[in-house]
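Notes follow once the structure below has been shown.
Computed from the coordinates by the stated procedures, all read-outs in this text should not be read as laboratory data. Nothing here was measured: the structure is a model prediction, and the numbers come from that model. Glycine also receives a Cβ, built like all others from the backbone with ideal geometry; neighbour counts cover every protein chain displayed.
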Amino acid sequence: MKRKALWITLVLVVVAVAATVAGAGFKRGHGWHRHGWHRGGPLAHVARELNMSKAQIAQTRAIALAERPTAVALLRELLAGAHQIADATVDGTFDEAKVRAIAATEGDTFAKLLVEKERLKSQIYAQVLNETQRKSADEMQQRWLGRLDHVVSRMQEQIQ
C-alpha cells in the first residue's frame with residue numbers, strides 16, 4: 001500500500017509540474033488557452049500569493065519558457081511510457097518483466113522531470129524573488145507538503 005501512496009504522490013507532483021510548465025504560456029489572465037482555470041492558472045496563483053510585480057512575473061515567465069522545451073520533452077517521454085504500459089497490459093495481459101522494464105524507464109524520466117522542476121524553482125527563487133517573497137514561497141511549500149501529508153494520512157486511515 002505504501003507503493004500505491006508513493007505513486008499517487010508522484011502523480012500529483014507530475015501534474016503540478018505539468019500545470020506549472022503549461023501555465024507559463026498563459027496570456028492576458030485567461031490561462032489554459034482560454035478554457036477553464038481562468039485567472040491565469042498556477043503561475044498566476046503563485047504570483048498573487050507572493051505579491052509579484054509585473055516585472056517579476058515577466059522574468060518568471062521568461063525563465064519558465066526557457067525551460068519549457070526540456071520539460072515538454074520529458075513529459076513526452078513520460079507519456080510514451082504510459083502508452084507502452086497501456087499496450088503491454090491490453091486485454092488484461094500482464095508480463096511483469098516487461099512492465100517492470102517500462103516502469104524503470106518511467107522512473108528515470110520522472111527523476112529527470114523532478115530535477116527540472118527544482119532547477120526552475122531554484123532559478124526563480126534566486127533570480128526573481130526578494131527576501132519577503134522567498135519566505136512566503138517557503139511557507140507555500142510547507143502548506144503544500146502539509147496537504148500532501150494529509151492526503152496520504154487519510155489514505156492510510158482508509159486501509160486500516
Name the helices (runs of 4 or more DSSP H) wholly inside the range 42-160 in which the number of residues that are among the polar types (S, T, N, Q) and crowded, with 17+ Cβ neighbours inside 10 Å is 3 or more.
54-88
Return the pairs, sorted by first residue and then second, in which the second residue is hydroxyl-bearing (Ser, Thr, Tyr), the first residue lies in the range 99-117 and is within 25 Å of Leu65 (Cβ to Cβ), the beta carbons are less than 7 Å apart, and the residues are 6+ apart or on different chains.
Glu116/Thr70
